[in-house]
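This report refers to the structure that appears directly beneath it.
FYI, it's all coordinate maths here, none of it is from the lab. The model shown is predicted, which means the values in this text are computed figures rather than measured ones. Cβ coordinates were reconstructed from backbone atoms using ideal geometry, including for glycine residues, and neighbour counts include every protein chain displayed.
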Amino acid sequence: MGFYRDTGVVLRLQKLGEADRIVTFLTHRHGKVRAVAKGIRRTSSRFGARLEPFGHVDLQLHTGRSLDIVTQVQTLDAFGGGLTGDYPRYTAGCALLETADRLTSEEGEPARELFLLLVGALRGLAGGARDPYLVLDAFLLRAMVIAGWAPAITECARCGVEGEPYHRRFSVPAGGAVCEGCRPSGAVVPSDPTWRLLEALRNGDWTVAEGTDAAARRDTAGLVAAHLQWHLERTLRSLPLVDRRGGVPRVDLGEVPGVEVDDDPGDGHLRSGNPSDGALRPIPGVAL
Ligand SMILES: [Zn+2]
């Protein structure tokens, strides 16, 4: 029992009784922390608007029997201010928070790298200079690297042989790029610009990433989302809300237990001529 300090990002809020909330933070040193903010829903609350989603805060907490108690909050960066009112940035931000939450199941388990990645991505989104979709996909790819699920990009996921510079096919169940000898059925065929964008986002090479066209960005988004959701064994609620112009191609995972996929093949906008060959497909209804 006692007090401790940390910095954290507010991932989400839940109501608790009349006036309180449970706040879920991703913290720098203590991983995911769920703590009670007492009286936060009263207009006179000393926490004010500091405990809102996207807030990067300096915290003092008191260890409780089941949940810790927030005793002091100071805003370091009010990232929410740069996101609300800008639908693409806001929805991309929601996907960042949901992914960070899902990737940290155990409370108290340190997640320092993910925390630093999240703060950097929120800064990139709120700053407004970078394309919000590239920020999101770079975050998702690098979060998967941290989680140990990095998709193979230049090497075959099964036998490890290097592509020249890339292999032709990508298989989510196999773990990413696959050589012709190892490829399972249903592997998709990304374009060269899509491979280059995947590699650039993973490596943080913004010069290459920002030089890519809309088709490569759209297909990369589809592959990243499919790879992430395969490993999470569930879909993310916030990803379909991300306002990507032209929609995001759905990567056909076929009959995969535990992963929900939409059976509608869409309007036939394909990267290759044969849908059963595992082409990338748009998600119907996502284009806004
Ligand atoms: Zn291989």
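In table form, for the structure just shown:
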{"read-out": "Charge sum, other residues only, whose C-beta stays under 13 Å from TRP149's C-beta, Lys/Arg counted +1 and Asp/Glu -1", "value": "+2"}
{"read-out": "Loop GluC sites (Glu not before Pro), region 20-118 (other Cβ atoms within 10 Å of the site Cβ: 11 or fewer; DSSP)", "value": "GLU106"}
{"read-out": "Fewest-first ranking of ASP58, ASP219, ASP20, ASP192, using other Cβ atoms within 10 Å as the exposure measure", "value": "ASP192, ASP58, ASP20, ASP219"}
{"read-out": "ALA157 long-range amide H proximity, modeled H, under 5 Å", "value": "ALA177, VAL178, CYS179"}
{"read-out": "Sparse-neighbour loop sites [trypsin sites (Lys or Arg not before Pro); region 1-38; at most 16 other C-beta within 10 Å; DSSP]", "value": "ARG29"}
{"read-out": "Exposure proxy ranking, count of Cβ atoms within 10 Å, fewest first, for LEU96, LEU118", "value": "LEU118, LEU96"}
{"read-out": "Under Karplus coefficients 6.51, -1.76 and 1.60, residue-wise ³J(HN,Hα) of region 219-231 in Hz, glycine/proline x", "value": "5, 4, 4, x, 5, 5, 5, 5, 5, 4, 6, 4, 6"}
{"read-out": "Projected label distance in nm at THR63 and ALA214, using a 7 Å step from Cα toward the beta-carbon", "value": "5.5"}
{"read-out": "Nonlocal amide H pairs with LEU11, under 5 Å, H built at 1.01 Å", "value": "THR24, PHE25, LEU26"}
{"read-out": "Amide H contacts of THR71 (H built 1.01 Å from N, under 5 Å, at least 5 apart or other chain)", "value": "GLN60, LEU61, HIS62"}
{"read-out": "Residue-wise HN-Hα coupling along region 83-90, computed from phi with Karplus coefficients 6.51, -1.76, 1.60 (Hz; x: Gly, Pro)", "value": "10, 5, x, 10, 4, x, 5, 5"}
{"read-out": "Residue-by-residue Karplus 3J(HN,Hα) for region 109-122, coefficients 6.51, -1.76, 1.60, Hz, glycine and proline x", "value": "7, x, 9, 4, 5, 5, 4, 5, 5, 5, 4, x, 5, 5"}
